[in-house]
Structures are given as structure tokens and as C-alpha cells.
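Each value in this text was obtained by applying a stated rule to the coordinates, not by laboratory testing. This one's a predicted model, so the numbers in the text were calculated from it and none came from an experiment. When we count neighbours, we look across all protein chains shown, and the Cβ atoms used for this are built from the backbone with ideal geometry, even at glycine.
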Amino acid sequence: MTTLAHIPQLLVYGIISGSIISLGGIGVSLTYSILGFSNFAHGDFMALGAYIALGLFTLFTGLGITNAPFGPLSFGFGFVLAFILAIALTAIAVILIDRLLFRRLRRSGPVILMMSSIGVALGLRNILQFFWSPQPHYYSQAIQPAVSLGVLNIRIKPDELFIIALAVVLVIVVHAFMRYTKMGKAMRAMADNATLAQVTGINTDRVIIWTWVIGAGLAATAGILAGIENKFITPELGWQMLLSIFAGVVLGGIGNPYGAILGGMVIGISEEVSTAFISTGYKPAVAFVIMIIMLLVKPTGLLGRKD
Amino acid sequence: MSLLTVEKVTSGYGDMEVLHEVSIAVDSQEIVTIIGPNGAGKSTLMKTIFGLLKPKSGRISFSDHEISALSADRIVRLGMAYVPQVENVFPSLTVRENLEMGAFIRSDDFSGRIREMYDLFPILGRRGRQQVGKMSGGERQMVAMARALMLNPQLILLDEPSAALAPNLAEVIFERIEAINDTGVAILIVEQNARQSLSLSDRGYVLASGRNRFTDTGENLLANEEIGQLYLGG
Amino acid sequence: MEHLVGILNYIVFFAITAGTYSILSLGLNIQWGNTGLFNIGIAGFYALGAYTSALLCGLPPSAWEGRTFGGFQLPFIVGLLGAAIVSGVVAMLVGAPTLRLRTDYLAIATIGIAETIRLILTNESWLTNGVWGFQQIPSPLYKTIHAATSAYLKGHPNLPVWLHDLISKSYDWFYLVLVLVVLFILYLIMERLVRSPWGRVIRAIREDEDATSMLGKNTFSFKMQALVLGAMIMGIGGSMYAHYARFISPVSFKPLYGTFIVWVMLILGGSGNNKGAILGGFTVWGIWAGTDFLTKYLPFTSTQSASLRVILIAVLLEVILLWRQQGLLPPKKHLFSQK
Ligand SMILES: Nc1ncnc2c1ncn2[C@@H]1O[C@H](COP(=O)(O)OP(=O)(O)OP(=O)(O)O)[C@@H](O)[C@H]1O
Ligand SMILES: [Mg+2]
């Protein structure tokens, strides 16, 4: 039986999974505000990234590229290289999907795009399943001991500290990008008003490509981090997190990337802490219930503007 | 050869035609006003000129380019700018960021142009870092105009720049419009209650039910009794 | 001849399943096709219907089962109505917080409810027998028809093999008729509704909600009615499935697959057209079943073949969206749909 003494530890788990949910949520939020539709394929972009990383990592290992662990972490150069390349390849794949489908459907409106994204979701997931089977795959089978933080009996693995640190760094980078670069400002402008952006002379197609680069890149990152945290990946990895991600996005205020970060954290922590009281199986339902409560209380979310 | 020529343009939304063979022209450095009642199709004409709606027939040319089939982002590059009637600023961006967006396609240093805009609209200079969404209607209108001017356009389209502004603020806006015109920019203004606008215009058009009704100099239109009764509120 | 009977029996099985899916597609048509409500939790309402019916009509828990509740052995028709009511009530709960908002919220919430329902079905063993699910759900009139068939076959021992095989499947024939009758009745109701003043309002909402609410219509209430009605039909579909399959478990209702294929059915058939919804149901199920045969000849494992078939349906969806959004049977032009 779980006791209150476990709650600090659960909070830490919550922050870890909240980090991953938040990274996924930023992409959903950007696509929603800039392209104007809810992208239900986002979870599968995460899985795609995780599997591309797996493929590359297997390849690199075969080529004899070293993966001697960095310090206390469970992985080394080979994996990091695969990680980075997987981010780039996922972004490219998603841009291709955009060119092939979403771009052509943009004139048809948000609902058609939403529907198309469901097709993409199922298609991608089954492509992964076709090549890798529905069975779990492992980045590493090694067991990493958790270390004690020395307070409140909290234990955490070095890999998990890496996940949190990377998420923090990426959030800061994305924030700086949106705040200070010309492209970041153009993304915010287009989220405000896409027609005006076009009238102003902003190259909206380039803004869209950058939106996908960031969204898909962060999705791949989130997928790979989920693989590191869970120790395995399956083609359903992203779909299983999608509800939590959307709940976080709605909670924070749909279309607001900062809200997605905050909401993702709240959802991650609530899901983990809830396991002290109810069956672990109900984690996604916890996210769902929080989302519904938010919609009843304030549909624009914690940080949402009204519109 | 006029700077902007609209010849017998028919346009609308989907199957619905709003404009029927409308023709207008704007010469370089001119101020031209289009007036007409609500729903006459004035905004529709602006959107059609600027490539947001495709004309079903007729042609539009701008400084020797046929632009009827061009999209808005191409037209911007030819030296035309457009300030829509509503939602004409990026509310979550600061004043300065709005102006930067206006200069998106410029790769040179445009800080000089921003300073010129701050000289033209001193309020904006003092509020550069303020979020535009939190500004008043008049200030937003200035941001919108400044944004549109960032690329040094030859022609700027203003859709009801003084709508919903207090009379003294409208005064300020029209005074600024003249100042902009003095720098050599041609201006096409749409106005509903348009005495003020016509009085500073070289020429004016009256549009009703999507058709040309009258065309004359600003002065003559103002002097015309029938127009005064029908379109200028007596 | 034996061969032919085999095929015929397969066709019956096929038509029962396609008919059941067509019921779902009809339910989605009232929500999406007519009102523009984006429900991607169809599998949830379908599962609710199936489980409700199983709880009401099924056998009481046996000693080796995890469940401790339900199995009231009520008549089939009670199960069918109960399924509709429970699905409808849950739809109302989902609609209440979302129907005033952009349709994205309904989409997200319906995914959420489908997933939550699946979790409850998996975790609440006392009610659902967990992952093992319900077994031996009674089929309506099964005993009667089975007894009559057996008696007849006993009395006529010298029938040719093919006729014997055909007659021994008499229950399936009966169930096919039952499914088609239910489908037809629902179709007639939907046609009437869509042509009624109520139908004109929901289509107007689909075309332009703001304009409709300015005409003084309470669009929230109309949307809610359409959502609930559609969900009730989906519940009926679930009940029809449960009583034919006689065995249901949470894996029968994997959220996206069940939902996804129904969407493709409706969109291919023609959103907004009830005949299209049914045509789409049979066509897509035909494609789905057909690819089952085809992929057997490919050098892949069965899971790979299954994936390939889903990929194919996904491609089909994208092709329709790109090139024929109105589907096979476009909606008829109605007075209101012209702006
Ligand atoms: N986006 C749109 N879709 C469909 N019809 C539209 C749209 N915008 C305007 N209309 C219709 O086109 C006609 C002309 O509208 P337009 O906005 O051009 O008039 P306007 O002269 O600018 O009027 P106002 O003085 O009120 O701004 C009106 O009947 C209007 O209802
Ligand atoms: Mg107007």
C-alpha cells in the first residue's frame, strides 16, 4: 500500500513524465495556433522519432561506433548521435507529410486537416508496426541504479535527471527562439492572424515549415526520452501519451505553448500522484478528468486568452 | 498610365457576386477615396485588389504588372500595402515587433525606417515595447499604418482608417494620412462617412450595391447635393 | 456446390458485420454528416452498448469469473434499449462541457471518453470481468431456432451435404435479417428526421453555426440532441455486435481502429447522406475483408498483414480527402445549405 511518504517520490516521477508530456504539448500547441488544427498524429510523430533513433542506433552499433556511457548515464556517443539525427529525420519526414497532405488540404479547413491527421496517425503507427512488430524494443537492457537525492527518501536515476535537464534546456531554447528571432516572431504573428501575416508579406509557407521543424523535432525528442524512461518503445508509445498531451494543452490553454508546458507538468504530476490512490491503469483517465473539469471551469485554460 | 487600374472587375465570395464590373484608377501620389453605404462592397474591392479574393472577370494592374492572379504576398513585393478594416495588427506582438513583421521581406537594416515611423507616429516611439493588443483603437490604427509603410510602398490601401474612432482621433489619423501622402505615397481610402476623407482627396468614387455610381474630384463630390443626401449623411 | 455454400455462409457472416458497421456509420452521419460534430470516440459508445447489453441479457457471473454483478438474463430488446440509453447518457456527459466550444474540444473529449471507457472495462473486473470479458452472451431466439433446425435435420437425414450445411447455418440467416431490419428501421427514422424541421436546423448549424444561432435557435441544445441520438445508434450497433459475437472483451474495442474505420465508411459513402453511410459501411467492410484474403498471399506475418491493411485504409482516407471529399453519394442539396 502506498503511503503519504511516497508522495515526494511520485512528484519526482510526475516531473519526469511531465517533462516529456510538455515537450509533446509544445508541438501540438504550435500546430494548433499556427496551422489552425488539432494534430492527432502528433503522438505518432513521437513514436516515429523513437523508432528512427532505434534504427540508427542499431546501425551505429553495427558499424562499431562507440557507445561508452557518458559518466553515470546509460548511453554514450553512438546513442546521442542517433538521437540528434533522429530529430532531424523526423522533422524531414513530417515536412514531407505536410507537403504531400496537409498543405493540399489547408484550403479545406481545420476539420478536414484534423481528419487527415487521424489517417496519418494510423498510417504511421502501422508502418512502424509493420517493420518492427507491435512488440517492445529496447534502447538498452542494462539496469541503471537510482541514486538517492538525500531528501525525503527521493531516488532518481541519472538518465531521469538528464530527461528533466534536457526538457528545461529545450523549453528555454524554444522560448528564446519565439521571443527573439525573426522566424519566431513571424510564428507568433501568424498564430495571431494568418491572413494578416500573408498581407504583411510574411513568407507563411516558411513559417509553416519552421513550425513543423520545431513541433516534430520536439516530438521526436519526447518519444526518445519516453523510450529512455520506460526502457522500451512500442509503436503505440505516442498514442498512449496523446490523451495526456492533449489534456495538458487544453489545461494550459489551447494554442498557447507556455500553457502547454504548464499544463503538461500539471498532468504529469497528477497522473503519477494519483497512483497513490487509484489503480495505475487509470493514469490517462486522470488526465481526461482534469481536462473536463478545466473545460467546465474555464474553457480557455490556465493561461489561455479568450477567443 | 495610372499606378493602379481596376477594370470591370467582378468578384465575390464563393458563388455570390458582390462586385459587378467595378472600375477605378489611382495615379501616383494621389489620394483617392471610395465611399458607399454599408455592404456596398468597398472592403470586398480592397480584398480583391490585394489578391485575397480572385476576380471572376476583369483585370487589375499595378505599376505595369498584371496582378489579378497574384497572391497577397507577391503583391506586397511589388510595392503595395494594405491595412484591413478590422484585425489589422498582431495583438500579441509588441509595437516594434509589429513593425519588424512589416519589414519581414527586407534583409537589409531597417532600423532607420522604424525611426521614421516613430517620427510619423510619436506615440508609437514611446510605446515600442508595449503589446499591441493592450492599446487603444486609435493607437492600433497607427500601428497598422506604420506596419504597412515599412516596405516604402508606392500605394497603400486603407480600409476605413477612422472607423470607430472618436472625432478628434479621426482628425489625427487624417492629418497623418496627408503627411504620408506628402512623402510621395499614393493612398486609396475607403470611408463610409467621408466628408473628411473626400476633402483631402484628389478624386473620389461612389460605390453602391457593388457598382460604380459616381466618379469625380473630391471637391465636386462634396458639392454634389444628391451625393450629400444619399451618402454623406445630409 | 459445397464450395458455393462455403462462400454463401461467408457472405452471410460478412453482411452481418457490414450491417453492424453500417449502423455505426448511420449514427456518425447524424453527428458529423448532418450536424458537423467531430466524434472520434465511436469505439467507446460501441463498447458501452455491447457491454450494457451483455450485462442486462447475459448470464449471471460463474464461479470462475471475476465479475460479481450483472447478468440479468433480460430479453434482447431490453438489452438493445439499455445499450442505447447508456450510450446516450454518456454522450450527454461528454457534450455538456464541450459543445459550446470549437469542435476540436469535442474531438479531444471523445478520444478521452473512449479511452476512459476502455480503461474501466479493463480494470473494473467486478463489473466487466476485466480482460477476459463476457462470454456466452445469449443470442436472441437462438434456442428456438437451433432446436427447430436440429429437429428438421434429424427428420431429414438424407439431405445433400450442401443443403445440410446451408440449413445448419439457419441462425446466421436469421441474425442477418435481424441486423438488416434494425438497420432499415434506423435508416427510415434518420431519413424522416433529416427531412423534418429539426433536420433543417442541424444542417444549418453545420453550415454556419453563428448564423443559425442568430436566427434564435439554441444551437447547443440541437447539437446535444444530435450527439446523443448518434451515440444511441452506436450503442445499438454495439448491442447487435455483442449478441452475435457472443463474446466481447476490451480488445474488441481498441479506440482508434473501430472509430477510424467507421469514419472512413461515412466519408467514402458520403457524409450527410444516409444511403451513403450504409453504402460506405458495406464498401469499406468489403475492402477490409477483401484485403484479408489478399494479404494471405503476401509473404508477411499475420500482424504485418494486419498493419498493411490499416495502412491501406489510411491511404484510402487520404485519397478521398484529397480528391473526393463529397464521397460516393454526396448529400442532396437542401434549401438551407445554400448560402
Ligand atoms: N467573408 C465573407 N463571406 C461572404 N460574404 C461576405 C463576406 N464578407 C462580406 N460579405 C458580403 O459581401 C457584401 C459586401 O461586403 P463588404 O464588406 O465588401 O461591404 P463594405 O462596403 O465594406 O461595408 P462596410 O461599410 O460595412 O464595411 C455584404 O453583403 C457582405 O455580407
Ligand atoms: Mg468594409
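Observations on the structure shown:
- Principal axis box of the stretch A:63-174, alpha-carbon based, largest edge first, Å: 56, 37, 26
- Helix-only mean residue ellipticity at 222 nm for chain A, each DSSP H run of n ≥ 4 adding -39500 (n - 2.57), per residue, nearest 500: -23000 deg cm²/dmol
- With the simple spin-label model, which puts each label point 7 Å out from Cα in the Cβ direction, the B:R211 to A:T61 separation comes to 7.9 nm.
- Eigen-decomposition of the gyration tensor built on the alpha-carbon atoms of the stretch A:17-235 gives equivalent ellipsoid semi-axes of 33, 21, 15 angstrom, largest listed first.
- Residues of type lysines that B:K54 reaches as a straight line, Cα spacing below 23 Å, ignoring anything fewer than 8 places off in the same chain: B:K8, B:K42, C:K339
- Dipole moment magnitude, nearest 20 debye, the protein assembly as shown about Cα centre, only Lys, Arg, Asp, Glu C-beta charged: 1580 debye
- Chymotrypsin sites (Phe, Trp or Tyr not before Pro) restricted to DSSP loop in the stretch A:154-220 with at most 15 other C-beta within 10 Å: none
- Over all orientations, the stretch C:2-254 has a Cα convex hull whose mean projected area works out to 15.3 square nanometres.
- For A:G268, net neighbour charge (Lys/Arg +1, Asp/Glu -1) across residues whose Cβ lies under 15 Å away: -3
- The A:L81 and A:R179 beta-carbon pair, evaluated with R₀ = 35 Å, returns a calculated FRET efficiency of approximately 0.70.
- Order of A:I164, C:I261, C:I23, B:I67 under a 10 Å beta carbon neighbour criterion, fewest first: A:I164, B:I67, C:I261, C:I23
- GNM flexibility winner over chain B from B:A144, B:A179, B:A163 (Cα, springs under 10 Å): B:A179
- Charged-residue dipole, Cβ positions (Lys, Arg, Asp, Glu), the stretch B:89-152 about Cα centre, Debye nearest 20: 240 debye
- The calculated 222 nm mean residue ellipticity attributable to helices in chain C amounts to -24000 deg cm²/dmol, summing -39500 (n - 2.57) over DSSP H runs of n ≥ 4 and dividing by all residues.
- With a cut-off of 11 Å between beta carbons, the residues surrounding A:F246 carry a summed charge of -2, where Lys and Arg count +1 and Asp and Glu -1.
- A:K298/A:V151 FRET efficiency (R0 41 Å; Cβ-Cβ; nearest 0.05): 0.75
- Alpha carbon centroid spacing (whole Å) that separates the stretch B:67-103 from the stretch C:149-192: 68 Å
- Across A:T275, A:T200, A:T61, mean-square fluctuation computed from a Gaussian network of chain A (C-alpha pairs under 10 Å connected) peaks at A:T200.
- 3J(HN,Hα) couplings calculated from phi for the stretch C:37-53 with the Karplus curve 6.51 cos²θ - 1.76 cosθ + 1.60 (θ = phi - 60°) are, in sequence order, 8, 8, 9, 10, x, 3, 4, x, 5, 4, 5, 4, x, 4, 5, 4, 4 Hz; Gly and Pro show x.
- Between the beta carbons of C:L159 and A:Y138, assuming R0 = 51 Å, the FRET efficiency works out to 0.30 to the nearest 0.05.
- Restricting the chymotrypsin sites (Phe, Trp or Tyr not before Pro) of the stretch C:47-120 to loop positions (DSSP other than H, G, I, E, B) with no more than 15 neighbouring Cβ atoms within 10 Å leaves C:W64, C:F69, C:F72.
- Only aspartates and glutamates eight or more places from C:K254 in sequence, or on another chain, were considered; those with a Cα closer than 13 Å are A:E236, C:E115.
- Burial ordering of B:E191, C:E124, C:E2, B:E21, fewest other beta-carbon atoms within 10 Å first: C:E2, B:E21, C:E124, B:E191
- This ranking places C:H243, B:H20, C:H156, C:H164 by how few other beta-carbon atoms lie within 10 Å of each, fewest first, which gives C:H156, C:H164, B:H20, C:H243.
- Highest-MSF residue in chain C out of C:S25, C:S213, C:S239 [GNM, Cα springs under 10 Å]: C:S213
- Taking the Cα centre of chain A as origin and assigning +1 to Lys and Arg Cβ atoms and -1 to Asp and Glu Cβ atoms, the resulting dipole is close to 760 debye.
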